[in-house]
Amino acid sequence: MKFTNASVAAQVDNMQACLTELCQWFLSNGLAINPDKSEAIVVSTAQRSRRTNTVSSIDVADHSVPISKSLKLLGITLDEHLAFNEHVNNTCRADYLLLTYLCSGQLDSKCSGVSVKC
């Protein structure tokens, strides 16, 4: 959904109406949305996010869901500017920990026949 400075409030209201209709469709088809597992993010350029009014939360199934700066979706961390800095940092941190574990020699007792040289 595209926001302009003048239409942020109108677009948020439109999005809320769509979410309400979506929740009603789910309920009428025997499904439910779990608002405790719902996340929301507003994606924009850094310049635009400084100029526009920020939305602090949206309502999903009569529960307020706060707007996050980043969220994890299918293993990829998305941030509000689609910069992927947080995703790269998380991946490097996880890889470093795995490499440290592999090089510590603890693997030798668990996996016979596997040698790792660091």
| task | Could you tell me whether any residue of region 81-96 is surrounded by 11 or more Cβ atoms within 10 Å (Cβ to Cβ) and touching a residue at least 40 places away in the same chain (Cβ under 8 Å)? | result | no
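Restricting attention to region 19-28, does a residue exist that is of a type in the set (D, E, K, R), closer than 21 Å to His87 by Cβ and either at pLDDT 85 or above or outside any helix (DSSP H, G or I) (or both)?
Looking through region 19-28, none of the residues is of a type in the set (D, E, K, R), closer than 21 Å to His87 by Cβ and either at pLDDT 85 or above or outside any helix (DSSP H, G or I) (or both).
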| If only one of Val55, Val43 is within 14 Å of the chain's Cα centre (by Cα) and modelled with pLDDT under 85, which one is it? | Val43
| task | Please work out which residue is farthest from the chain's Cα centre (by Cα), limiting yourself to region 77-104 and to residues that are of a type in the set (Gly, Ala, Ser) and either in a loop (DSSP other than H, G, I, E, B) or under 23 Å from Ser56 (Cβ atoms) (or both). | result | Ser104
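The values are calculated or read from the model by the stated rules, or taken from the named source; none is laboratory data. If you're wondering where the values come from, they're calculated on a predicted model, not measured in any experiment. Counting neighbours? That spans all protein chains shown, and the Cβs are built from the backbone with ideal geometry, glycine included.
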